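Heads up, the thing below is written out as C-alpha cells.
Every number in this text was worked out from the coordinates using simple rules, so none of it is lab data. Values in this document were obtained by computation on a predicted structure and should not be read as measured data.
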Amino acid sequence: MVTAYDNQDYSQAESLAIEAYLENYEYIEAPLAEIDESLMLNTEVIMREELRQLIQDRVPVEQLQQHIDVINNNNKRFLLVNNIHPLKNSYELLPLVHSLQSLQKRLR
C-alpha cells in the first residue's frame, strides 16, 4: 500500500487499505476485543477511518508511514498483552496471529 501511495497511485493505495481492513482486521475484531477492547476499538478507527482519510488528503508518505507504524505497534501490543509469540502459540491463536501478520504485510 505504501508503495502504491509513494508512486502517487492514490486510488490503489486506498483500495489496498480498505482490503487490508476488510480481509484481515474485521475478521479478528471479536477475539482482539476479548484481549483489549479499548485497543481494538482504537486500532479499528485508525484503520477504517483515519488511514483512508490520510490517503484522501494525500499527506506526505512519511506521515502515512507513521500512521501505519501506529497500527503495527498496536497489533504487536495485542500479542504482547497475552504473551503470545508468533512462533510459539496455541492452535486457537494461530488464526489471530496469522491475520495480524497478514495485515502488517498488506500495509507495506
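Each residue of region 4-11 was assigned a 3J(HN,Hα) from its phi angle through the Karplus curve 6.51 cos²θ - 1.76 cosθ + 1.60 (θ = phi - 60°); the sequence is 4, 5, 4, 7, 6, 9, 5, 5 Hz, with glycine and proline shown as x. Computed from backbone phi with θ = phi - 60° and the Karplus coefficients 6.51, -1.76 and 1.60, the 3J(HN,Hα) list for region 34-46 is 5, 6, 7, 4, 4, 5, 4, 5, 4, 5, 4, 5, 4 Hz; x is used for glycine and proline.
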